[in-house]
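Trainee: Before we start, here is the structure in question, set down as structure tokens.
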Amino acid sequence: MFHTGLRSGTAVQAEESAPDSELYFQRCRWCHTTTFQRLLCPTCGSTDLAPELSGGEGVISVRRGVAAADADLWPVHMTEGFVVRCRVDGPPHAVRPGARVRLFSGVGVSGRRPVVRLCEEVPLDGWM
């Protein structure tokens, strides 16, 4: 179906090894719609979904109706066109809609959410 994990097959031991994480999404073979962890294509309803490796880059989107249990999750629009809810690694003041992010840690076998890291850091006072 779909697979996620580290290329080395071992746990992340150092911070510099974390960007080697992989995130797989699905592309419908009929209409080419991209999606994340689904059984059916959300556009045409096909079950013929092929796994593809994501480039790992995206943009944080606006979140609405956030439950207390999901307060630390943000929807991220990946460059391939699918949306995935992720934990964001970065200073809280910089985590906002429109911020560019890069995959830091993929989905593990335990079902935990992917972790993305901010590509650019915004100063506290808003000045560059």
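Trainee: For region 35-87, what % of the accessible area comes from carbon and sulfur atoms, probe 1.4 Å?
Mentor: That fraction is 51 percent.
Trainee: By per-residue mean of other Cβ atoms within 10 Å, what is the highest-first order of 23-36, 80-93, 41-54?
Mentor: 23-36, 80-93, 41-54
The values are calculated or read from the model by the stated rules, or taken from the named source; none is laboratory data. Treat the numbers as computed from the prediction; the structure is a model and nothing was measured. So basically every Cβ, Gly included, is an ideal-geometry build from the backbone, and we count neighbours across all protein chains shown. All accessible areas refer to the heavy atoms of the entire protein, side chains included, with ligands and DNA or RNA removed. Shrake-Rupley method; radii C 1.70, N 1.55, O 1.52, S 1.80 Å.
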